[in-house]
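The structure appears below as structure tokens.
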There are 2 protein chains.
Amino acid sequence: MQRTIYIISGPAGVGKSTTSKRLVERLDRSSYISGDDVSHIPVNGRGKPWLCKETHDLTWKNILSLIKNLISYNYDIVIDYVTFPSEARWLVKELKYSDVRIHYIILMVDKETIIHRDSLRAPSVQMGERSVVLLNEFNDELNDFNNVLDTQEFTADQVDLVVNEILNSNRFLIN
Amino acid sequence: MQRTIYIISGPAGVGKSTTSKRLVERLDRSSYISGDDVSHIPVNGRGKPWLCKETHDLTWKNILSLIKNLISYNYDIVIDYVTFPSEARWLVKELKYSDVRIHYIILMVDKETIIHRDSLRAPSVQMGERSVVLLNEFNDELNDFNNVLDTQEFTADQVDLVVNEILNSNRFLIN
């Protein structure tokens with residue numbers, strides 16, 4: 001049976017985790033991969049995935065291995081991770097022989113909202129300038145906006161509306 | 001370069017996580033796999049790994065995939081999971097062509113200690129009878145005690161002594 005992968009991406013502070021977890025709940029046979037958790041499996045000796053190519057590549061290989069196993073056990077998959085268009089395209093290529101539909105969703109809010117949300121985090125996990133750098137990196141790499149889902153106007157208790165849009169639209173399909 | 005895998009096993013309440021995390025810190029190039037975390041990647045549709053063969057098998061396939069990737073990136077690996085001797089042997093078989101040493105350590109305390117430690121957990125995560133069932137399952141499956149490390153006499157601030165024993169002994173080697 002054909003399975004579905006949802007890549008929930010976007011810069012820090014757009015609501016990836018909240019949206020991903022709600023989406024997982026809405027699917028009958030579902031799994032949840034936190035890219036951050038996978039990137040933290042290496043402990044001593046690893047670099048930051050956005051600075052160290054080796055750590056970055058290992059993280060994506062681990063995610064890909066988990067995806068392949070989960071597909072073979074008939075799970076839909078929600079990936080919660082900062083995933084750039086080039087990385088989403090790499091996944092499509094690696095999974096071209098698998099019977100899956102891949103939806104790639106870039107959640108987006110404006111710069112002021114990202115800075116504000118970052119300031120609300122506990123100081124130890126605040127990203128500071130990095131959160132704006134990430135936002136700019138997304139804007140630089142985007143060729144079109146088919147995959148962007150603007151969540152600026154949604155409040156925290158409207159997550160279900162965002163999930164409905166993800167579930168009911170074909171515009172996020174990339175394979 | 002030959003890498004090392006440490007499987008830190010034993011029933012609930014013996015100190016697997018504490019010991020594993022300290023061991024990871026002591027290794028130069030190390031990684032940490034929480035079997036519980038891996039078993040929770042499937043969300044809707046999964047069973048309990050100790051009751052549902054399919055969920056059990058998927059968990060171990062995911063762990064094995066992560067191990068293979070981590071070895072190819074030259075990481076030592078600490079696996080923190082309730083791992084029975086038969087499962088450790090399965091890992092040895094699956095990794096027979098990999099250049100790794102596999103140490104299998106079953107941490108053990110007595111029944112009264114396990115019951116006491118379980119009672120100290122938050123009610124929502126207490127295992128109740130299951131913690132004793134697990135202890136009995138280990139005792140039933142054990143043919144010899146080479147892999148058992150009795151931590152009954154160690155206090156919480158003596159974790160480093162346990163880690164020293166793991167690092168300096170060859171008796172846990174199973175391949």
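The values are calculated or read from the model by the stated rules, or taken from the named source; none is laboratory data. Just so it is clear, the model here is predicted, and its values are computed rather than measured. With ideal geometry, Cβ positions are generated from the backbone for all residues, glycine too; neighbour counts draw on all protein chains shown. Ligands, DNA and RNA are excluded from the accessible area calculation, which covers all protein heavy atoms including side chains. Shrake-Rupley method; radii C 1.70, N 1.55, O 1.52, S 1.80 Å.
Points to keep in mind about this one:
- Residues in region A:10-48 that are of a type in the set (Ser, Thr, Tyr) and within 15 Å of A:Val163 (Cβ to Cβ): A:Ser17, A:Thr18, A:Thr19, A:Ser20, A:Ser30, A:Tyr32.
- Scanning region B:152-175 for residues that are outside any helix (DSSP H, G or I) and at pLDDT below 90 yields B:Gln152, B:Glu153, B:Phe154, B:Thr155.
- Among the numbered conditions (1) assigned to a loop (DSSP other than H, G, I, E, B); (2) open to solvent by 80 Å² or more (accessible area, probe 1.4 Å), the only one that B:Met127 does not meet is (2).
- Being of a type in the set (Val, Ile, Thr), without any contact (Cβ under 8 Å) to a residue 12 or more places away in the chain and outside any strand (DSSP E or B) is a property that holds for B:Val133.
- Test for B:Ile67: is it open to solvent by 20 Å² or more (accessible area, probe 1.4 Å) and either under 19 Å from A:Arg46 (Cα atoms) or in contact with a helix residue (DSSP H, G or I) (Cβ under 9 Å, 6 or more places away or on another chain) (or both): no
- Being on the phi < 0 side of the Ramachandran plot, within 17 Å of the chain's Cα centre (by Cα) and surrounded by 14 or more Cβ atoms within 10 Å (Cβ to Cβ) holds for only one residue in B:Phe84, B:Phe145, B:Phe154, and it is B:Phe84.
- Within region A:52-69, if we keep just the residues that are in contact (Cβ under 8 Å) with a residue 12 or more places away in the chain, of a type outside the set (Lys, Arg) and more than 7 Å from every other protein chain (Cβ to nearest Cβ), the residue that is nearest to B:Leu58 (Cα to Cα) turns out to be A:Ile67.
- Selection count, region B:98-118, where residues are in a helix (DSSP H, G or I) and among the aliphatic types (A, V, I, L, M): 2
- Residue within region B:88-103 that is crowded, with 21+ Cβ neighbours inside 10 Å and within 14 Å of chain A (Cβ to nearest Cβ) present: no
- Number of the condition not met by B:Val38 [criteria: (1) of a type outside the set (Ser, Thr, Tyr); (2) more than 7 Å from chain A (Cβ to nearest Cβ); (3) open to solvent by 50 Å² or more (accessible area, probe 1.4 Å)]: (3)
- Selection within region A:1-27 - open to solvent by 10 Å² or more (accessible area, probe 1.4 Å) and within 14 Å of chain B (Cβ to nearest Cβ): A:Met1, A:Arg3, A:Tyr6, A:Ser17, A:Lys21, A:Arg22, A:Glu25, A:Arg26, A:Leu27
- Residue pairs meeting the criteria (Cβ under 9 Å; at least 6 apart or on separate chains; first of a type in the set (Phe, Trp, Tyr), in region A:140-166; second open to solvent by 70 Å² or more (accessible area, probe 1.4 Å) and not in a loop (DSSP other than H, G, I, E, B)): A:Phe154/A:Leu161
- Only residues that are open to solvent by 20 Å² or more (accessible area, probe 1.4 Å), under 22 Å from B:Val92 (Cβ atoms) and not aromatic (Phe, Trp, Tyr) were counted across region B:50-59, and they come to 3.
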